[in-house]
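Quick notes on the structure that follows.
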């Protein structure tokens, strides 16, 4: 699923790092490392990737509903 980053958060105000949208106003989230650890999911974002992600970036994502939120659990290659 192709998603666009619409907001980022590196504070403690929210439990997500990136908010994404599918173009139909549905919200999806890339969470912090602790969220993925607590749900026994491998964190899809490495420190290297954090340097390149920004508002407007388009990502091919695999999403799961976890606790009522659409959570990005991995990325797919764009080619």
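Readers should treat all values here as calculations from the given coordinates under stated rules, not as data from a laboratory. Predicted model only: the values in this text are computed from it and were never measured. Cβ coordinates were reconstructed from backbone atoms using ideal geometry, including for glycine residues, and neighbour counts include every protein chain displayed.
So here's what we get for this one:
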| quantity | calculated |
| --- | --- |
| Listed candidates [x] 18, 15, 12; [y] 17, 14, 14; [z] 34, 12, 8 - label of the one calculated as semi-axes √(5λ) of the Cα gyration tensor in Å | [y] |
| Relative packing of peptides 46-55, 2-11, 32-41 - highest average C-beta neighbours within 10 Å first | 2-11, 32-41, 46-55 |
